Amino acid sequence: MKLSWILWTIVSVTEIALLIGISIFLWQREVDGAGVLQTPEIKLINIGVLLAFFIIPIVIQCIWLVVNIIVSNKKSNYQYAGD
């Protein structure tokens, strides 16, 4: 397996774990840092804001995935062309 694929997998798993962990934390807390009682609606808004911030890393991961696929296909086609 190529180093780029290994790094992509590690970063993706870390990103997903971080998103899930923070989302669970936000859903489980009853009172936020300012002392405001958290209703289910406010919890969903908090998680939505978190997802909005995670859009940029997710887009970067998708671009990285496409680049990895293209480079892998070019290398595999190049190897078979010489046989």
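Where a number appears in this text, it was derived from the coordinates with a stated rule and is not lab data. Model, not experiment: these values are computed from the prediction. Note that we place each Cβ from the backbone using ideal geometry, even for glycine, and neighbour counts take in every protein chain shown.
For a footprinting-style exposure proxy, rank Ser72, Ser23 by other Cβ within 10 Å, fewest first.
Exposure proxy ranking, most exposed first: Ser72, Ser23.
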*Of [x] 0.91; [y] 1.26; [z] 1.52, which one was derived for Rg/Rh (Cα atoms, Kirkwood Rh) from the structure shown?*
[y]
_If you fit an axis through the alpha-carbon atoms of helix 3-28 and take the longest principal axis of the Cα set of the chain, what angle between them do you get, 0 to 90°, nearest 10?_
10
*For Ile58 and Arg29, what is the calculated FRET efficiency with R₀ set at 22 Å and r taken between the beta-carbons, to the nearest 0.05?*
0.35
*Stretched out fully, how many nm does the piece from Leu18 to Trp5 gain, at 0.36 nm a residue minus the Cα gap?*
2.7 nm
*Angle, helix 40-81 long axis vs. longest principal axis of the chain, Cα atoms, 0 to 90°, nearest 10?*
0
_Dipole-positive endmost among Leu3, Ser23, Cys62 within region 3-77 (Cβ charges, Cα centre)_ = Leu3
